[in-house]
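Just so it is clear, none of the values below were taken in a lab; they were calculated from the coordinates. This one's a predicted model, so the numbers in the text were calculated from it and none came from an experiment. With ideal geometry, Cβ positions are generated from the backbone for all residues, glycine too; neighbour counts draw on all protein chains shown.
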Amino acid sequence: MMLKNLTKKRAIAIGLSILIAIVMVLSGITVVDRLSPAGKASQSSILQVGIGQKIITIGTAEASGAADYTCTGTNDNVIFQTAINALPLSGGKINVLGGTYSFSARITLKNNTWIQGVGSGTTIFIANGSNVDAIYATGTSNITISDLVINGNGANQITYSYGIDLVNCDNIKLSNLYVYDFTPQGSRGIYLDVCSNYYLNNIEAAYCDYAGVSIGGSTGNSSVGNLNEIYTHDNKLWGTFIWATGNYTISGLHISDFTSARNGNNAIPTRFGGGLYFHYVKNSSITNFTINDNYSRGFLPQLSSNITISNGSIYGTLRNPLDATDGGEGLDAYGLSYSSISNVISNNNRRVGIDIEGGYDALNNPILEYYGHVLIANCQTYYNDTTGITAWACPSIRINNCFSWNNCQDLSIWPVGERPYAAGLGIYSSNNSAIENCRTWDDQTVKTQPYGLIVDTFPAFHGTGLYLPSYAMIVGNDVMESGNSGNYTISGTGHLIRSNLGIPDS
């Protein structure tokens, strides 16, 4: 469809818009759009279109407001691509008016492109049997996508696809988006692959197969990412999946107000999955988060280092019903090292509240980079079916000022040989560790908790992990009200045990 000639009235209006923009730039005013498909206000502005860059408007025949291009509801991707191609090298903005736009093929972005809808009133819909991504870019810089809905129409697709698929792109801003219903196996709502300098704000991603939001990298890549107000729920494998390989690092990653599966379930009914997954992630932080009602695991940081986890809540993790021995942990850290977990509440999980384990290779040899040196401080674990806090083959672990109570609710879910190893707090095969100023207790009447505190080895653990822990410092703890099998059990050598209630000094 050919671009309409601008009327004199529209030319004047555009001139006034440019004049207003100049005034705003000079006065330091920032425009923040408050309309959000997830019903939340945007917390940060996105990049503005520069003065002199082109602005093109797309609308449906029913849309209110003048449009440079009009879509018919069939193969609307052709109109979108024509508008994108019409932008100059300096880039510009595609304004998409309210309405539903049907895509039978993906659109490809170029440098310096901003696509903006009007919020929940703008929907990109993948047509029946198209099996395509909605928005794609590769090797592209300065991309902004905001204020719209992307519906994958998964029941009417056969092969996997992504709502937004960005590969090797730089300087990305995604804001105020609802991406959902990408359901064929392997589909993802938002996929950033080997991208850098990305900012995601106020994103809801739901009802996708592999993950709602998926971010990954490759050897040698370096990325800076910021995620804020990410809400993923009812995805089949993972809510949010962040991984890297080799020397890839995500530095400065900050996830705040993170909610995964609020009133929903991720990982249904797969064996391996859950709310949030970190794999080979480094130098990152997650704070102010809520992760609940996930299958298998709530939060799995795996083979990751220099991670700060703070001010969060994890609860209601359900063990996968297809595998009676797997999953059920609120926070299940395998190979987490040189990291801290603080001010986290983990409760009502099917197995363990906070579970830390050293990383091993295929031959059961410790991977030193992912082996120990973890601080757990000011955390609360309660009403978990087996154990509150555990550390397995994780040397130099510190558990400080933690409270654990009314755990070991249902020991029948553990194999018989493991049941005596349930406790409020437990460290197993972990040398040079400390438990300080912690308290464990159980219900005064029921007393379902076998032990308040355990320092021991673990039968049939990893081949190189069969040793009794040594040189543990156990100071200032209170286990007086814990356990119907005894308040504590401690094995090993060289421990410093002082000033505990319920545990005699060594």
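General remarks:
- Cross-link partners for Lys110 among the aspartates and glutamates, with Cα-Cα distance under 20 Å and sequence neighbours closer than 8 places in the same chain left out: Asp68, Asp76, Asp133, Asp147, Asp165, Asp170, Asp193.
- Within segment 98-113, backbone nitrogen closer than 17 Å to the virtual label 7 Å beyond the Cα of Thr82 toward Cβ: 101-108
- Backbone N within segment 227-241 under 16 Å of label point (7 Å from Gln185 Cα along the Cβ vector): 236-238
- Estimated vicinal HN-Hα couplings, Hz - segment 207-216 in sequence order (Karplus 6.51, -1.76, 1.60; Gly, Pro = x): 6, 10, 7, 7, 6, x, 10, 10, 10, x
- 3J(HN,Hα) couplings calculated from phi for segment 234-239 with the Karplus curve 6.51 cos²θ - 1.76 cosθ + 1.60 (θ = phi - 60°) are, in sequence order, 6, 9, 6, 9, 10, x Hz; Gly and Pro show x.
- The calculated FRET efficiency for Ala61 paired with Val167, based on their beta-carbon distance and R0 = 41 Å, is about 0.75.
- Cut-off 18 Å, label 7 Å out along Cα→Cβ of Thr72, residues of segment 119-152 by amide N: 125, 127-128
- Were the residues from Leu375 through Arg498 laid out at 0.36 nm apart, the gain over their Cα-Cα distance would be 42.3 nm.
- In order through segment 392-408: 3J(HN,Hα) via Karplus (6.51 cos²θ - 1.76 cosθ + 1.60), integer Hz, x for Gly, Pro: 10, 6, 10, x, 6, 8, 10, 10, 10, 6, 9, 10, 9, 8, 6, 8, 6
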